[in-house]
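A.B. asks: The following block contains the structure, expressed as structure tokens.
The values are calculated or read from the model by the stated rules, or taken from the named source; none is laboratory data. Predicted model, so just to flag it, every value in this text is computed and none were measured. Here Cβ is always computed from backbone atoms with ideal geometry, including for glycine, and neighbour counts include all displayed protein chains.
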Amino acid sequence: MLRIISANLNGIRSAGNKGFFDWLVRQNADFVCVQELKAHAADLSEVMRNPGDLVGYFHFAEKKGYSGVGLYSRHAPVRVVEGLGHADIDAEGRYLQLDFPGLSVISLYLPSGSSSAERQQAKFSFMERFFPHLADLRAAGREVVICGDWNIAHQEIDLKNWKSNQKNSGFLPEERAWLGRVLNDQGWVDVYRRLHPQATGESYTWWSNRGQAWAKNVGWRIDYQIATPVLADCARAAAVYKDARFSDHAPLTVDYAFTL
């Protein structure tokens, strides 16, 4: 069994102070994809670099205290790919891929467009350029899982207040249609939704810090493990962990009956 966890940390140091790494070393995960590090290499403690028997790989943003992704692995990769080959995207540290025999594991942090119109355009630009990369991954003949914060709630059941959010970043018609093309046209599989087709409140992975969103479970499902069909068919269990709060996001764990 292969256990893969994805978690947006909203600051790796903050999450560590809230017990994330104490929890992580007890999970017996093979891979842990993390996003929004908000740190550089010099900021990481040894536990943050290599928790337990996992080895960490990172793609940091150039800007201090911003973005960045990481991937912890129990297995030695045959190749590490940092970035997508686009200077503006790679400067923000949004993509990290580890290749193993027959499998690629990717940590992704798709931009948010909620802060400004300019950032929404940057998000659309990322999506436009990422789409052909996804097609190339599908055509490569490998099993792939892309774990991370996609910053898009795909369907109405993926957020509590969908009616009032139809003009807001993360639930725009264009964003939802784009993710639909990833899943329907290219054939990627939303693993959690495959296993829990009707799940609503228990599926949310992010809650605003405003109001009482966490207390009232006014959440969004924007963190995904999206996989190639054969790997997705191997998924046996998927759950969002909410017993402790390490971030404004919650970790998503999936177990796959897959052997490296």
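A.B. asks: Just one of 65, 102 is surrounded by fewer than 15 Cβ atoms within 10 Å (Cβ to Cβ), touching a Lys or Arg at 6+ places or on another chain (Cβ under 6 Å) and not basic (Lys, Arg); which is it? Let's see the steps before the verdict.
C.D. replies: Numbers: 102 fails: touching a Lys or Arg at 6+ places or on another chain (Cβ under 6 Å).
Result: 65 is the single residue among 65, 102 that is surrounded by fewer than 15 Cβ atoms within 10 Å (Cβ to Cβ), touching a Lys or Arg at 6+ places or on another chain (Cβ under 6 Å) and not basic (Lys, Arg).
A.B. asks: Looking for something under 20 Å from residue 175 (Cα atoms), among the small types (Gly, Ala, Ser) and surrounded by 16 or more Cβ atoms within 10 Å (Cβ to Cβ) - is there at least one such residue anywhere in segment 119-132?
C.D. replies: yes
A.B. asks: Answer yes or no as to whether residue 192 is part of a helix (DSSP H, G or I), in contact (Cβ under 8 Å) with a residue 40 or more places away in the chain and under 27 Å from residue 20 (Cα atoms). Reasoning before the result, please.
C.D. replies: On the way: part of a helix (DSSP H, G or I): yes; in contact (Cβ under 8 Å) with a residue 40 or more places away in the chain: yes; under 27 Å from residue 20 (Cα atoms): yes.
Yes; evaluated as a whole, the condition is true for this residue.
A.B. asks: Counting only residues that are part of a loop (DSSP other than H, G, I, E, B), over 15 Å from the mean Cα position of the chain (by Cα) and surrounded by fewer than 18 Cβ atoms within 10 Å (Cβ to Cβ), how many does segment 235-260 have?
C.D. replies: Residues in segment 235-260 being part of a loop (DSSP other than H, G, I, E, B), over 15 Å from the mean Cα position of the chain (by Cα) and surrounded by fewer than 18 Cβ atoms within 10 Å (Cβ to Cβ): 7 in total.
A.B. asks: Separate question: Kindly evaluate residue 213 against the criterion of being modelled with pLDDT of 95 or more and assigned to a loop (DSSP other than H, G, I, E, B).
C.D. replies: Criteria met by residue 213.
A.B. asks: Is at least one residue of segment 7-22 touching a helix residue (DSSP H, G or I) at 6+ places or on another chain (Cβ under 7 Å), closer than 20 Å to residue 224 by Cα, buried (at least 21 other Cβ atoms within 10 Å of the Cβ) and β-branched (Val, Ile, Thr)?
C.D. replies: Yes, because at least one residue in segment 7-22 is touching a helix residue (DSSP H, G or I) at 6+ places or on another chain (Cβ under 7 Å), closer than 20 Å to residue 224 by Cα, buried (at least 21 other Cβ atoms within 10 Å of the Cβ) and β-branched (Val, Ile, Thr).
A.B. asks: Would segment 138-146 turn up any residue that is among the β-branched types (Val, Ile, Thr) and crowded, with 22+ Cβ neighbours inside 10 Å? Working first, answer last.
C.D. replies: Residues of segment 138-146 that are among the β-branched types (Val, Ile, Thr), as a first pass: 144-146.
Next, from what is left, pick out any that are crowded, with 22+ Cβ neighbours inside 10 Å: 145-146.
Yes, segment 138-146 has at least one match.
A.B. asks: Against the conditions (1) within 25 Å of residue 4 (Cα to Cα); (2) touching a residue at least 24 places away in the same chain (Cβ under 8 Å), where does residue 78 fall short? Just the number, please.
C.D. replies: Every listed condition holds for residue 78 apart from (2).
A.B. asks: A follow-up question, please. Go through (1) without any contact (Cβ under 8 Å) to a residue 60 or more places away in the chain; (2) outside any helix (DSSP H, G or I); (3) loosely packed, with under 13 Cβ neighbours inside 10 Å one by one and return the number of the condition residue 174 breaks.
C.D. replies: The number of the failed condition is (2).
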